[in-house]
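J.: My structure is below; once you've seen it, I'll send some questions.
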Amino acid sequence: MTIIATDLDGTIYKGHTLIDGVKKGLLKIINEGIEIYYTTNNSSQSPNEIKDKLENLLQLDIDISKVITPLVIFQNLYSDKKLNIYIYGSDNLKKYIKNLNMNVTSLENAEVILIGRKEENNNSEINKIIKNVSSGKNIMCLNKDLTFPTEFGEKAGNGAVVKIIEDELSIIIPTLGKSGNHYSSYFIQNKITVNFVIGDRVDTDIIFGKNLNAKTFLVSSGIKNYLDVNIADIQLNKFSDVVSFLTKQS
């Protein structure tokens, strides 16, 4: 069986708008018996919220086990560890982590700091995090995306805050996103052999594909890349351009 992993933001949709040709392309892929994993670095919404969004946009039933986000990776790694955790992020993120029976606590009492995304960054809070990490507190992040695509252009992402902290302290913060080992290890540990990875970002999607030894398609429908686009095996305009190639393989 052929298995693909496709990115969402900038590949399937932008904000709440499907990219042209996506629905028709996905239906053709599904009808060919190709298995699809929906992979994203988005952690401001729960996996179930992303599933609901996909179903509403595509008018298709989506298997929740095929929606893989950094929160799925977090749950896989830490759900049995009962961490005291401080979260820089949205209320939705805090609620999700609390529902995993984690103790979401103050910065002073936390064992680990988790960096997510807020609609508006809080510089005072970021400075307090830097002070705590410089004193030895553990830190990790959900992803390192500097921006993410919307219908109205790119907005600052998780990685904007991560970069501030990394640059200030000259450290590398471990990530649960696609560019990190934990994300690809999830697929390897669960014996999911991905043949093709599709996405709009070299630094996440294409690196993820390379970590899985999959053939990679870079589409130009999302963000502007700052890494060499030639790292990808094939460059195309949008998701629907990939379909004819995939259906020939199945």
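J.: Can you find even one residue in segment 139-147 that is of a type in the set (S, T, N, Q), crowded, with 22+ Cβ neighbours inside 10 Å and outside the structural domain of Lys14 (by TED's automatic domain parsing)?
T.: Scanning segment 139-147, I find at least one residue that is of a type in the set (S, T, N, Q), crowded, with 22+ Cβ neighbours inside 10 Å and outside the structural domain of Lys14 (by TED's automatic domain parsing), so the answer is yes.
J.: Would you confirm, using the coordinates I've provided, whether Leu60 is assigned by TED's automatic domain parsing to the domain that holds Asp205, more than 21 Å from Asp205 (Cα to Cα) and in a loop (DSSP other than H, G, I, E, B)?
T.: Judged against the criteria, Leu60 is a match.
J.: Kindly list, by first and then second residue, each pair from a residue in segment 69-94 that is under 16 Å from Asn48 (Cα atoms) and touching a residue at least 60 places away in the same chain (Cβ under 8 Å) to a residue that is among the small types (Gly, Ala, Ser) and crowded, with 18+ Cβ neighbours inside 10 Å, limited to pairs with Cβ atoms under 6 Å and residues at least 6 apart or on different chains.
T.: So the pair list comes out as Pro70/Ser43; Pro70/Gly177; Leu71/Ser43.
J.: Answer with yes or no whether Glu120 is over 30 Å from Ile30 (Cβ atoms), out of contact with any Pro (no Cβ under 7 Å at 6 or more places or on another chain), modelled with pLDDT of 90 or more and not assigned by TED's automatic domain parsing to the domain that holds Leu26.
T.: It is false that Glu120 is over 30 Å from Ile30 (Cβ atoms), out of contact with any Pro (no Cβ under 7 Å at 6 or more places or on another chain), modelled with pLDDT of 90 or more and not assigned by TED's automatic domain parsing to the domain that holds Leu26.
J.: Under the condition of being of a type in the set (Gly, Ala, Ser) and touching a strand residue (DSSP E or B) at 6+ places or on another chain (Cβ under 8 Å), which residue from segment 70-108 is nearest to Thr175 (Cα to Cα)?
T.: Per the stated criteria, the residue is Gly89.
J.: Something else now. Which residues, counting only those in segment 209-250, are under 17 Å from the mean Cα position of the chain (by Cα), assigned to a helix (DSSP H, G or I) and crowded, with 21+ Cβ neighbours inside 10 Å?
T.: Of everything in segment 209-250, just one residue is under 17 Å from the mean Cα position of the chain (by Cα), assigned to a helix (DSSP H, G or I) and crowded, with 21+ Cβ neighbours inside 10 Å, namely Gly209.
J.: Looking at (1) more than 24 Å from Lys23 (Cβ to Cβ); (2) at pLDDT below 95; (3) not polar (S, T, N, Q), which is the only condition Ile223 fails?
T.: Condition (1) is where Ile223 drops out.
J.: Condition first: polar (S, T, N, Q), under 15 Å from the mean Cα position of the chain (by Cα) and assigned to a loop (DSSP other than H, G, I, E, B). Now tell me which residues in segment 1-34 satisfy that.
T.: Thr11
J.: Applying the selection to segment 95-140, what residues are of a type in the set (Gly, Ala, Ser) and either in contact (Cβ under 8 Å) with a residue 40 or more places away in the chain or assigned to a strand (DSSP E or B) (or both)?
T.: Residue satisfying the conditions is Gly116 alone.
The values are calculated or read from the model by the stated rules, or taken from the named source; none is laboratory data. Please read all numbers here as calculations on a predicted model, not as lab measurements. So basically every Cβ, Gly included, is an ideal-geometry build from the backbone, and we count neighbours across all protein chains shown.
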